[in-house]
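A quick write-up on the structure given underneath.
The values are calculated or read from the model by the stated rules, or taken from the named source; none is laboratory data. The model shown is predicted, which means the values in this text are computed figures rather than measured ones. Here Cβ is always computed from backbone atoms with ideal geometry, including for glycine, and neighbour counts include all displayed protein chains. These area figures cover heavy atoms from the full protein model, side chains too; ligands, DNA and RNA do not enter into them. Shrake-Rupley method; radii C 1.70, N 1.55, O 1.52, S 1.80 Å.
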Amino acid sequence: MRFLLLIASALLRVAASQTCECPTVPTNLSLYDALLIGDDVAAAYAPVVDEVLAYGNLSRVVKMGAVGGGGACAGSFGVLACVPGWLAVGWAVVHVGVGLADLAAGVSTATYAARLAALHGVLGNRTNATVFATTTPAPPSSAILDGDVAAYNAALRSLFGAGGARADVRVDDLYGVVVDNCRKALGSACYPKTCGCPRLQGSSATAWTARGRRVLGLAVAAEVVAFHASAGSEADTSNIVEDAADSSGDGVSSWKLAWILDAGFVVFLEALMIVAIRCAACDTRLQRHLTRIVRALAGDVPPRRGVLRVAAGLLLLFFVFSAVVLAVHYGAESTESQVDCAPQCPAVPWNASAYDALLIGDSVSGQYSDAVAELLKRQELATVLRMDEYGGSGFCGTSYGLLACVDAWLGASNWTTVHVNWGLHDIDTWSYAYASTGATKG
């Protein structure tokens, strides 16, 4: 590693003395908070990144233009020579994606690694977070060999990310994103070793279809958002309402509920006494006893034995009433096997087959599902349907109810993706109010 740093230092001196055709730095650079650095592949996905982040008002992105001049200025070397002018402001995120231009120029793996280390040093404290992307795959028809791409990516991972020399620097695995997406398509399971992926990529390593650009753009946008959120101000959680806070009945502990019921019953009895005392047509004996109870409670007269018996009876009735209500509230269903969630399952839409992605989740998924559906629809990547909430905060609102209801939804369409985000209902113990305390919570 020390030898690599020495090479990086020498490269910095050479790059500083090299005259490359650097892209013009915008005069309004301070209006942006994220910088994209990259070659032709970055030029392909940059507009998508900008559109996605602008749509959600999540970040303001600018791309460092292509370095001209060719030759020694191609790829990462030209970036090293030109990037200082783009560091006049501090960045929340800098996303770096270089590799294919270096491979096309025949740059060795060791030199490429040294340039990445040097670039990381140049960025230094001018950014809160730096992300280095892996080089995207090269199809068999490309002049660039995918084996050389793999060597570059291995060198990058030796520097950054988990297991690298700088584990704190994030690696955006664009290579893996493309390969995983391509291998899901019929006829592309052999990509990139022996076949291409016409759905995303053309015949060369830098030729991308509209869908390929969108897939890469969403992946890069996700990285920018993740680091921009961590580097920026605290997230606004004012609109996030946990299920436990909304559980008006089940969110109250048993002893509090008992006291609430008891207090209500006491108020009822006092009202009954007042009515009885004021009722001229009432039985005089009952009226006399009730009057004495009220006066005894007020301290006007010492209570008699009969009065104490009446008070004890009323007190007993008061606790029996509380016990019955609590038993009905918590004991309606004693075991999981007795809970029938089918009546609470949301109906599957008649046109579910028109969708190809399914979101399954609790109330949190309800807060992001519309944005996901709109974003993927705008990028023509997927049509998203959300499985509606059900069961409220009761036991059927937990993953037990999810298992009871999900089969009909899974069979309603030939889903390409099913995204599951479930947990808060299971964590909230009062979701188990209608099940026995011995029920499995998970």
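Quick grid of which residues meet (1) farther than 30 Å from R378 by Cα; (2) crowded, with 18+ Cβ neighbours inside 10 Å; (3) out of contact with any Pro (no Cβ under 6 Å at 6 or more places or on another chain); (4) at pLDDT below 95:
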| residue | (1), (2), (3), (4) |
| --- | --- |
| T135 | no, yes, yes, no |
| L156 | yes, yes, yes, no |
| A165 | yes, no, yes, yes |
| C182 | no, yes, yes, yes |
| P198 | no, no, yes, yes |
| S203 | no, no, yes, yes |
| A222 | no, no, yes, yes |
| A226 | no, no, yes, yes |
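Filtered by the rule that a residue be among the small types (G, A, S) and at pLDDT 80 or above, the stretch 406-442 gives A408, G411, A412, S413, G423. Across the stretch 57-80, a minimum of one residue is classified as crowded, with 20+ Cβ neighbours inside 10 Å and under 17 Å from A226 (Cα atoms). When you go through V41, V83, V89, V96 one by one, which is the residue that is out of contact with any Pro (no Cβ under 8 Å at 6 or more places or on another chain), part of a strand (DSSP E or B) and at pLDDT 90 or above? One residue alone meets the criteria, V96. Sort out which residues of the stretch 26-49 are open to solvent by 50 Å² or more (accessible area, probe 1.4 Å) and touching a residue at least 12 places away in the same chain (Cβ under 8 Å), and write them in order of number. Hits for the stretch 26-49 are S30, L31, Y32, D40, A43, P47. Taken together, the criteria exclude A151 from residues that are open to solvent by 10 Å² or more (accessible area, probe 1.4 Å), in contact with a helix residue (DSSP H, G or I) (Cβ under 7 Å, 6 or more places away or on another chain) and more than 20 Å from G106 (Cα to Cα).
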